[in-house]
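The values are calculated or read from the model by the stated rules, or taken from the named source; none is laboratory data. Here the structure is a predicted model, which means the values were calculated and not measured. Glycine also receives a Cβ, built like all others from the backbone with ideal geometry; neighbour counts cover every protein chain displayed.
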Amino acid sequence: RAKREGKCCYHFFEPALDEQARQRRQMELDLRRAISEGEFELYFQPLYSLSEERLKGFEALIRWNHPTKGMVSPNDFIPLAEETGLILPIGEWVVREACHQASRWEDGLSVAVNISPKQFTSPDLVTKILNAIAASGIGANRLELEITESIFIAQVDKTMAILHQLRALGVRIALDDFGTGYSSLSYLRSFPFDKVKIDRSFVTDLATGENGHAIIRAITTLAEALGMETLAEGVEDEQQLEILRREGCRSIQGFLLSRPMSASQVLAWAEKEQDLAIVG
Ligand code: C2E
Ligand code: MG
Ligand code: MG
Ligand code: MG
């Protein structure tokens with residue numbers, strides 16, 4: 001390290017960078033082990049239709065049962081998994097496991113799976129999804145894929161072609177985190193999504209001012225006109241629920257109904273769903 005002392009401006013930053021790079025390498029090794037040892041688990045959060053007053057299905061949300069760190073959130077490892085390409089084997093497991101769990105549910109319930117942009121660059125995404133559906137025995141229309149606008153940044157034509165192939169299988173496509181990107185509206189024009197998921201940030205803001213209502217109303221009106229359903233993410237209280245209902249939002253998801261839960265909790269939850277206070 002002595003050599004570095006003489007070079008002005010470098011030595012303040014390098015140790016931090018070294019440490020960052022080291023942590024990254026360690027996490028990549030950890031992720032590889034997690035894949036081979038099966039340390040991932042899917043949690044499920046209810047998707048509830050206000051218009052039909054019924055449970056429609058669940059979104060599958062990955063969790064990492066790390067041997068020393070405990071439960072690791074996807075926000076803390078999905079970005080690295082994407083950078084390293086490890087999202088491909090992880091994503092393949094997610095789709096298979098999600099379809100498998102859905103096969104244990106009542107026939108009318110669907111499962112939503114998040115697909116990251118990197119997965120769209122893999123030539124066999126469509127085959128993998130088809131195989132997962134076939135292995136589980138569920139109908140393709142019970143699988144919904146959630147994508148974000150970021151998949152359109154690279155290779156627009158190829159991405160569109162894949163989306164159309166997936167749609168042809170009978171799978172549903174939802175646009176996740178709607179409204180957070182740079183040009184959200186233009187993407188609604190480019191593909192006939194089945195559903196638009198209004199980002200949680202718009203729901204959080206609802207109680208604080210009138211503009212929030214107007215934005216929700218504008219999104220739901222536009223989406224309906226284009227033949228797309230709307231779902232609001234991150235609904236945490238009754239006040240938000242009432243506003244969303246009034247402004248024409250079709251479905252909701254959020255802590256108000258339930259936090260994401262393990263596969264074994266889902267079955268029990270769905271059974272007593274009829275008693276939900278929200279149905280009223
Ligand atoms: P997302 O797809 O937008 O999922 C919704 C996130 O919001 C979940 O966080 C969920 O737990 C959280 N959430 C739901 N309701 C509420 C609420 O009422 N209040 C608050 N504060 N939060 C709520 P989670 O499970 O930590 O997942 C974060 C993100 O990680 C997901 O955002 C998704 O982009 C990504 N992700 C999760 N699972 C997978 C996966 O299997 N594959 C890929 N590629 N990405 C995944
Ligand atoms: Mg999602
Ligand atoms: Mg979302
Ligand atoms: Mg979101």
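Numbers at a glance
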| quantity | calculated |
| --- | --- |
| Subset of region 102-116 [buried (at least 18 other Cβ atoms within 10 Å of the Cβ) and more than 16 Å from ligand 2 (Cβ to nearest atom)] | Trp105, Leu109 |
| Test: residue in region 82-89 that is assigned to a strand (DSSP E or B), within 16 Å of ligand 2 (Cβ to nearest atom), of a type in the set (D, E, K, R) and at pLDDT 95 or above | no |
| Residue satisfying condition, being of a type outside the set (D, E, K, R), at pLDDT 95 or above, more than 20 Å from Ala60 (Cα to Cα) and within 13 Å of ligand 3 (Cβ to nearest atom), within set Val203, Val196, Val235 | Val203 |
| Of all residues making up region 38-60, the number that are within 21 Å of Pro89 (Cβ to Cβ) and either without any contact (Cβ under 8 Å) to a residue 60 or more places away in the chain or aliphatic (A, V, I, L, M) (or both) | 5 |
| Residue that is nearest to the chain's Cα centre (by Cα) [pool: residues in region 61-81 that are in a strand (DSSP E or B) and in contact (Cβ under 8 Å) with a residue 12 or more places away in the chain] | Leu61 |
| Exclusive hit being away from ligand 4 (no atom under 12 Å from the Cβ) and either touching a residue at least 12 places away in the same chain (Cβ under 8 Å) or of a type outside the set (Ser, Thr, Tyr) (or both), set Gly181, Gly234, Gly227 | Gly227 |
| Condition check for Arg63: among the basic types (Lys, Arg), under 24 Å from Asp199 (Cβ atoms) and out of contact with any helix residue (DSSP H, G or I) (no Cβ under 8 Å at 6 or more places or on another chain) | no |
